[in-house]
């Protein structure tokens, strides 16, 4: 008798998972969770930014200098990228949350509406991020 290893039903190998093409609505759902986690884990950075921006004029100047010259071993462009990522995370999480609330409130759970609203969510969050990112970098 030869030993053959059978894969259990319902399991997926990593190679198979990487080849799977996720629908846009699934991608938006995963990004909604990822953006929420990103905002949660970067909360100390957000609090530090808020504290520096509101404590005094001197601390606001320190914050402005951190974005242009850097702080510690973080260069200014890196801080701007982190803020840009936070802007995207907030906008995407907010818009995707509104999408979920709308779908729950109106029972709009068709496949077509799910795909259209997912594309709209991605497009709007990226567009608004680019608009605000332009302000951060220039």
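The values are calculated or read from the model by the stated rules, or taken from the named source; none is laboratory data. Here the structure is a predicted model, which means the values were calculated and not measured. We place every Cβ from the backbone using ideal geometry, glycine too, and count neighbours over all the protein chains shown.
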Checklist entry - List the pairs whose first member sits in segment 14-29 and is on the phi < 0 side of the Ramachandran plot and part of a loop (DSSP other than H, G, I, E, B), whose second member is at pLDDT 80 or above and surrounded by 10 or more Cβ atoms within 10 Å (Cβ to Cβ), and whose Cβ atoms are under 9 Å apart, counting only residues at least 6 apart or on separate chains? => result 22/30; 23/114; 23/115; 23/118
Checklist entry - Just a yes or no: is a residue in segment 51-64 touching a residue at least 60 places away in the same chain (Cβ under 8 Å) and either part of a helix (DSSP H, G or I) or closer than 22 Å to residue 100 by Cβ (or both)? => result no
Checklist entry - Quick check: anything in segment 93-109 without any contact (Cβ under 8 Å) to a residue 40 or more places away in the chain, in contact with a helix residue (DSSP H, G or I) (Cβ under 7 Å, 6 or more places away or on another chain), under 14 Å from residue 32 (Cα atoms) and surrounded by 15 or more Cβ atoms within 10 Å (Cβ to Cβ)? => result yes
